[in-house]
Amino acid sequence: MKNWIIVLIGLTIVFVGVVTKKLFFLLFIAILPLFWNYKSN
């Protein structure tokens, strides 16, 4: 059982890391057009 718990913890950490990286990437993409509009004005 302990091995399964360790595997689940590892998978959750990896999953959270991937999701947060994607969220940061999406935020970066969402913020970029604002900077483009600001520079063009």
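Bear in mind that the values in this text are calculations on the coordinates, not laboratory data. Only a predicted model underlies this, so the values are computations on that prediction, with no experimental measurement involved. When we count neighbours, we look across all protein chains shown, and the Cβ atoms used for this are built from the backbone with ideal geometry, even at glycine.
The Cα-based radius of gyration and maximum Cα-Cα distance (Dmax) for the chain are 17.9, 61 Å. Computed from Cα atoms, the angle from the helix 2-40 axis to the main principal axis of the chain rounds to 0 degrees.
If the chain linking Leu23 and Asn3 were pulled fully straight, counting 0.36 nm for each residue of separation and taking away their Cα-Cα distance, it would gain 4.2 nm. Dividing the summed -39500 (n - 2.57) terms of all DSSP H runs of n ≥ 4 by the residue count of the chain sets its mean residue ellipticity at 222 nm at -35000 deg cm²/dmol. Between Leu34 and Thr12, the simple spin-label model (points 7 angstrom out along Cα→Cβ) gives 3.2 nm.
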